[in-house]
Number of protein chains: 2
Amino acid sequence: MKLINKNTDYAVQAIYYIAQKSPDIVSTVEVEEKLGLPRPFIRKILQILTKAEILSSSKGNKGGFTISRPLSDIYLLDLMQLFQGRIAFTDCSFQKKVCPNAGHCPLRRRIKTIEETVINELKGVTLKELLN
Amino acid sequence: MKLINKNTDYAVQAIYYIAQKSPDIVSTVEVEEKLGLPRPFIRKILQILTKAEILSSSKGNKGGFTISRPLSDIYLLDLMQLFQGRIAFTDCSFQKKVCPNAGHCPLRRRIKTIEETVINELKGVTLKELLN
DNA sequence: GACAAATGATACTAAAGTGGTATCCTTAGG
DNA sequence: CCTAAGGATACCACTTTAGTATCATTTGTC
Ligand code: FES
Ligand code: FES
């Protein structure tokens, strides 16, 4: 069970690399060569980051990507939600038909608490902090 | 991203039912009929629980399962590990070749902290507490 | 303006994980 | 010895995650 998947993982690396080169424009090819990640895959990730306005892109010849905000304004949690969807540990462990006590179920409460703890832990983590 | 999968879920329900009937011997068929879970699937789960010495089984005619310890001695975390493997959120977010700082990496430390928090939260949860 | 080098959009394929099924073997009470 | 149970194991289906391919569009350079 992974908390962080490969998309998020690669995204962090790519952002880090592009931020380092700022204000230079960095092409997909460069990211692929420097980081050794599969090209079409990293392209898709860069596109998503651009849509999320974490990167800016310029098309055409000599085009590429630049970072559009400081690392201290990019939150790990946002990346995770972007690439992995909402962080939810469980809805109801019991199946609908069986579940006796949807309202005040201790399991549900427990899991929910844990989920909230994790999200709170993650909330403060920016890429800046993460990567020194 | 689920913290609890169906195996664990079904296991909790089955244990609860069998504990309720204790000291009667309960057959797979009965569990299946009462809880409405698919028979071959629940059979596999009961087998695993037996191997883990949470249930005891008697073979042959009129055989079946009984609970082998009180609900207060069965930990949710143990069930999760039994059916879902080790709870590990991530090993190294970066791939081996790229990872610059395996030793004192803040990401790793963060995620590890979160993982430990979750495990600690879960550690205290017994089935007894869970099911009143 | 044509060309080339870049991103945008989108659809597809492959691999892994999860959920579920089927079959045959072994045991033991009646 | 027959039958009703569990033990072991192998298989299949579905979903999610990871990765690939293709074509269209944009834009700097000559
Ligand atoms: S049993 Fe359904 S919400 Fe807990
Ligand atoms: S980057 Fe490898 S352990 Fe953190």
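Every number here is computed from the coordinates shown, using simple stated rules; none is lab data. Just so it is clear, the model here is predicted, and its values are computed rather than measured. Cβ placement follows ideal geometry from the backbone for every residue including glycine, while neighbour counts extend to all protein chains displayed.
Taking a ≥ b ≥ c as the square roots of the eigenvalues of the Cα gyration tensor, the protein assembly as shown is classed as prolate, since a/c reaches at least 1.5 and a/b is larger than b/c.
Across the stretch A:67-83, computed HN-Hα scalar couplings (Karplus, 6.51 cos²θ - 1.76 cosθ + 1.60, θ = phi - 60°) run 7, 10, 7, x, 4, 6, 10, 10, 9, 3, 4, 5, 4, 4, 5, 5, 9 Hz from first to last residue, x flagging Gly and Pro.
Placing a label point 7 Å from the Cα of residue A:59 along the Cα-to-Cβ direction, the distances to the matching points in the other copies come to 7.0 nm, shortest first.
Cα-Cα over 27 Å: which of A:2/A:59; A:128/B:6; A:6/A:112; B:34/B:62? Too far apart for the 27 Å limit: A:2/A:59; A:128/B:6.
The coefficient of translational diffusion for chain A, derived via Stokes-Einstein from the alpha carbon Kirkwood radius under 25 °C and 0.890 mPa s, stands at 147 µm²/s.
The sum of -39500 (n - 2.57) across all DSSP H runs of n ≥ 4, divided by the residue count of chain A, sets its helix-only mean residue ellipticity at 222 nm to -15500 deg cm²/dmol. Here chain A is assigned +1 on the Cβ of each Lys and Arg and -1 on the Cβ of each Asp and Glu. Its dipole about the Cα centre then comes out at about 540 debye.
Each distinct pair of alpha carbons in the stretch A:40-91 adds a 1/r term; the inverse of their mean, the Kirkwood radius, is 12.4 Å.
As a rough footprinting exposure proxy, the listed residues B:72, A:68 were ranked by other beta carbons within 10 Å of their own, and the order from fewest upward is B:72, A:68. A simple rule links phi to the HN-Hα coupling: the Karplus curve 6.51 cos²θ - 1.76 cosθ + 1.60 with θ = phi - 60°, which for the stretch B:22-39 gives 3, x, 5, 8, 10, 8, 3, 4, 5, 4, 4, 5, 6, 9, x, 9, x, 4 Hz, with x for Gly and Pro.
In this assembly of identical copies, the label point of residue A:47 (Cα plus 7 Å along Cα-to-Cβ) is separated from its counterparts by 4.5 nm, sorted shortest first. When A:39, B:108 are arranged by Cβ crowding within 10 Å, least crowded first, meaning fewest neighbours, the order is A:39, B:108. Label point of residue B:29 (7 Å along Cα→beta-carbon): distances to the other copies' equivalent points are 7.1 nm, sorted ascending. Fewest-first ordering of A:55, A:71 by other beta carbons within 10 Å of each residue's beta carbon gives A:71, A:55. The GNM of chain A, with springs linking C-alpha atoms under 10 angstrom apart, assigns the highest mean-square fluctuation among A:62, A:112, A:44 to A:62.
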